[in-house]
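The values are calculated or read from the model by the stated rules, or taken from the named source; none is laboratory data. The structure displayed is predicted, hence computed values, not measured ones. For neighbour counting, all protein chains shown are included, and Cβ atoms are generated from backbone atoms with ideal geometry for every residue, glycine included.
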Amino acid sequence: MRRHHDMGGLPAGPVERSEHEHAPWEKKVDAILRLLVAKKIMTLDELRRGIEELGPGAYDELSYFERWIRSIANILLEKGVVTVRELALAIEAAEARRAAAEACPKTVAAP
Amino acid sequence: MKALFPPGHCRTPFYIRGKRGRILDLVDVEPDPEERAYGRSGLPAVPVWRVVFDQHELWPDYRGPDRDRVVVGIFEPWLEPLEDGG
């Protein structure tokens, strides 16, 4: 049976050929992966396996780098590099930082 | 190509499994990614071959010219000889 991600040759829409900027968080995901691979904590093959295991729903709904960070998180949980509790607290802290930043936007110089 | 459809991580795309191709040359010898995907070493390393397929072999409804081909990197465990020795 064909697995969901293995969609080479299936009908699809037009290919978006234009270059596009990556958001800072996307670059951060790329940097995190490169560090984990360089330090031999995980492999690209594990990243790919983790993406495939997200399942059809998440695979289609998440963006490219969202799939990466979901896979990275799951692989690190599997390996015991992080715990569910640590991840939960880190996500909570990140959300609090974002809320604080949105409540108090940076001042911009007057034109 | 072997016509195998296991549930785990595969580095051979669905659309060439069970199809007939021709080996072009050796790319490299690399640890088996289907083992490394599960945290194992993937050793001993396996040869990776460049294999060329006719598009008409892969896609029965293909409308392009007969000369159209696709080249895919294949880890050797996915290869099997043709029964007719071709």
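See the values below:
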| item | result |
| --- | --- |
| Total residues in segment A:69-81, condition surrounded by fewer than 17 Cβ atoms within 10 Å (Cβ to Cβ), touching a Leu at 6+ places or on another chain (Cβ under 8 Å) and under 17 Å from B:Arg40 (Cβ atoms) | 0 |
| Residue within segment B:22-38 that is in a strand (DSSP E or B), modelled with pLDDT of 95 or more, within 23 Å of A:His5 (Cβ to Cβ) and of a type in the set (Asp, Glu) present | yes |
| Criterion (more than 11 Å from every other protein chain (Cβ to nearest Cβ), within 26 Å of B:Pro7 (Cβ to Cβ) and modelled with pLDDT under 95) met by exactly one of A:Gly9, A:Gly13, A:Gly55 | A:Gly55 |
| Condition broken by B:Asp68, with the remaining ones in (1) farther than 25 Å from A:Met1 by Cα; (2) exposed (fewer than 12 other Cβ atoms within 10 Å of the Cβ); (3) acidic (Asp, Glu) satisfied | (2) |
| Residue match in segment A:82-91 (condition: away from chain B (no Cβ under 14 Å), modelled with pLDDT of 95 or more, assigned to a loop (DSSP other than H, G, I, E, B) and surrounded by fewer than 10 Cβ atoms within 10 Å (Cβ to Cβ)) | no |
| Any hit, segment A:52-71, residues being under 10 Å from the mean Cα position of the chain (by Cα), outside any helix (DSSP H, G or I) and not hydroxyl-bearing (Ser, Thr, Tyr) | yes |
| Failed criterion for A:Arg2 (all others in (1) in a loop (DSSP other than H, G, I, E, B); (2) of a type in the set (Lys, Arg); (3) away from every other protein chain (no Cβ under 14 Å) hold) | (3) |
